[in-house]
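Here the structure is laid out as C-alpha cells; the discussion comes afterwards.
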Amino acid sequence: MHKRTKVKMTFFVILVGMASMFTAVVTDHWAVLSPRVEQVNATCEAAHFGLWRLCKKAIYISEADYNGKGCGPISLPGAENCTYFKHFTPGDESEIFEVKTQKEYNISAAAIAIFSLAFMILGTLCLLCSFKKGNDYVLKPAGMFFAFAGLCAIISVEVMRQSVKRMIESEDTIWIDYSYAWSFACACAGFCLLFLSGLGLLLLSMPRMPQNPWESCMDAEHEVE
C-alpha cells in the first residue's frame with residue numbers, strides 16, 4: 001500500500017478520535033453522582049457533570065427498595081437544573097465541590113483537556129501541510145502532536161477519575177454512589193485513537209527500510225564512489 005494512502009487512512013482515524021475528544025470536552029456526562037435515598041415517596045437529587053457544567057436532577061422515588069440506596073438512575077424523569085462552573089473566579093465555590101481539593105482536581109482536568117485540543121489543532125495543521133508534495137518531513141511533528149494530545153486526554157481522564165473517587169470517599173460530601181457515563185467513554189476512545197494514530201504517523205515518517213538485502217549494498221557502493 002502506498003505511503004500517502006496509509007497517511008490518509010490514519011488521518012480518517014484521527015478525525016474520529018478528534019470528534020470523540022471534542023464531544024467529551026463539551027458535554028457534561030463524565031460522571032453521575034447519587035446521594036442516599038432517605039425516604040420513599042419523595043424526591044432526591046442526582047447529579048451528572050463534566051469539565052464545565054454540573055446538572056442536578058430531582059428524581060421522584062416511590063419504591064421502598066430504593067430506601068437507603070443511591071438516588072437514580074439518572075435516566076428517570078425529573079426536573080433538571082444545570083449551572084456552569086466558574087473555575088477561574090476567586091472565591092467561587094460550586095455546591096458539588098464541598099472540598100477544595102476536589103475543585104482543584106476538576107480545574108486540572110479541564111486545563112489538561114484544553115492542552116489536548118491545542119495539540120490536536122497543531123497536529124492537524126502539520127498533517128494537512130504534509131499532503132503537499134515534498135513536505136513529508138512534517139509527518140513526524142504531526143505524529144508527536146497527536147500522541148501528546150492522546151496523552152493529555154488520558155491524563156485528564158485519570159484526574160477526573162481521582163476527583164470522583166475523592167468525592168465519594170470524603171465524609172464532607174453527600175454522594176454515596178457513582179458511575180461513569182458516555183462522555184467519559186468518549187474521552188477514553190479519543191485517547192486510544194489519537195495516541196495510536198500519532199505513533200502510526202511517527203512510523204510512517206521513518207525512512208523506508210530496504211526490502212531486499214542487496215539494496216543496502218548498492219547504496220554503500222554509491223557512497224564509496
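Restricting to the stretch 41-56, name every residue that is open to solvent by 30 Å² or more (accessible area, probe 1.4 Å) and either closer than 18 Å to Tyr178 by Cα or at pLDDT 80 or above (or both). Give the derivation first.
From the stretch 41-56, those open to solvent by 30 Å² or more (accessible area, probe 1.4 Å) are 41, 43, 45, 52-53, 56; that's our starting set.
Of everything in the stretch 41-56, those that are open to solvent by 30 Å² or more (accessible area, probe 1.4 Å) and either closer than 18 Å to Tyr178 by Cα or at pLDDT 80 or above (or both) turn out to be Thr43, Glu45, Trp52, Arg53, Lys56.
Helices (runs of 4 or more DSSP H) wholly in the stretch 139-225 with at least 2 residues that are open to solvent by less than 70 Å² (accessible area, probe 1.4 Å) and modelled with pLDDT of 75 or more - which ones? Quick ask: steps written out before the conclusion?
On the way: elements: 139-169, 182-205, 213-224.
Fully inside the stretch 139-225 and qualifying: 139-169, 182-205.
Just one of (1) open to solvent by less than 50 Å² (accessible area, probe 1.4 Å); (2) in contact with a strand residue (DSSP E or B) (Cβ under 8 Å, 6 or more places away or on another chain); (3) in a loop (DSSP other than H, G, I, E, B) trips up Glu38, so point out which.
All conditions are met except number (1).
Within the stretch 185-207, can you find the residues that are in contact with a helix residue (DSSP H, G or I) (Cβ under 7 Å, 6 or more places away or on another chain) and either of a type outside the set (A, V, I, L, M, F, W, C) or within 19 Å of Val26 (Cα to Cα) (or both)? Talk me through it step by step, then tell me what you get.
Step one: of the stretch 185-207, the residues in contact with a helix residue (DSSP H, G or I) (Cβ under 7 Å, 6 or more places away or on another chain) are 186-191, 193-195, 197-202, 204-205.
Selection gives Cys186, Ala187, Cys188, Ala189, Gly190, Phe191, Leu193, Leu194, Ser197, Gly198, Gly200, Ser205.
Within the stretch 1-12, is there a residue that is closer than 21 Å to Met144 by Cβ and either among the polar types (S, T, N, Q) or in contact with a Pro (Cβ under 8 Å, 6 or more places away or on another chain) (or both)?
From the stretch 1-12, those closer than 21 Å to Met144 by Cβ are 3-4, 6-12; that's our starting set.
Restricting the remaining residues to those that are either among the polar types (S, T, N, Q) or in contact with a Pro (Cβ under 8 Å, 6 or more places away or on another chain) (or both) gives 10.
Yes, that holds for at least one residue.
Being among the small types (Gly, Ala, Ser) and more than 21 Å from the chain's Cα centre (by Cα) narrows it down to one of Gly190, Gly143, Gly150, Gly134, so name that one.
Values: Gly190 fails: more than 21 Å from the chain's Cα centre (by Cα); Gly143 fails: more than 21 Å from the chain's Cα centre (by Cα); Gly150 fails: more than 21 Å from the chain's Cα centre (by Cα).
On inspection, the qualifying residue turns out to be Gly134.
Can you tell me which residue is nearest to the chain's Cα centre (by Cα) among those in the stretch 57-78 that are open to solvent by less than 70 Å² (accessible area, probe 1.4 Å) and at pLDDT 80 or above?
Ranking the candidates gives Lys57 first.
With the condition kept exactly as written, say whether any residue in the stretch 11-27 is part of a loop (DSSP other than H, G, I, E, B), open to solvent by 70 Å² or more (accessible area, probe 1.4 Å) and either under 19 Å from Cys186 (Cα atoms) or of a type outside the set (Gly, Ala, Ser) (or both). If you could, list the steps in order and put the result at the bottom.
Going residue by residue through the stretch 11-27, those that are part of a loop (DSSP other than H, G, I, E, B) are 27.
Those still in the list that are open to solvent by 70 Å² or more (accessible area, probe 1.4 Å) too: none.
Checked against the condition, which is being part of a loop (DSSP other than H, G, I, E, B), open to solvent by 70 Å² or more (accessible area, probe 1.4 Å) and either under 19 Å from Cys186 (Cα atoms) or of a type outside the set (Gly, Ala, Ser) (or both), the stretch 11-27 yields no hits at all.
The values are calculated or read from the model by the stated rules, or taken from the named source; none is laboratory data. Bear in mind the structure is a predicted one, so any value in this text is a computation, not a measurement. We place every Cβ from the backbone using ideal geometry, glycine too, and count neighbours over all the protein chains shown. Areas reflect the complete protein model, heavy atoms only, side chains present, ligands, DNA and RNA absent. Shrake-Rupley method; radii C 1.70, N 1.55, O 1.52, S 1.80 Å.
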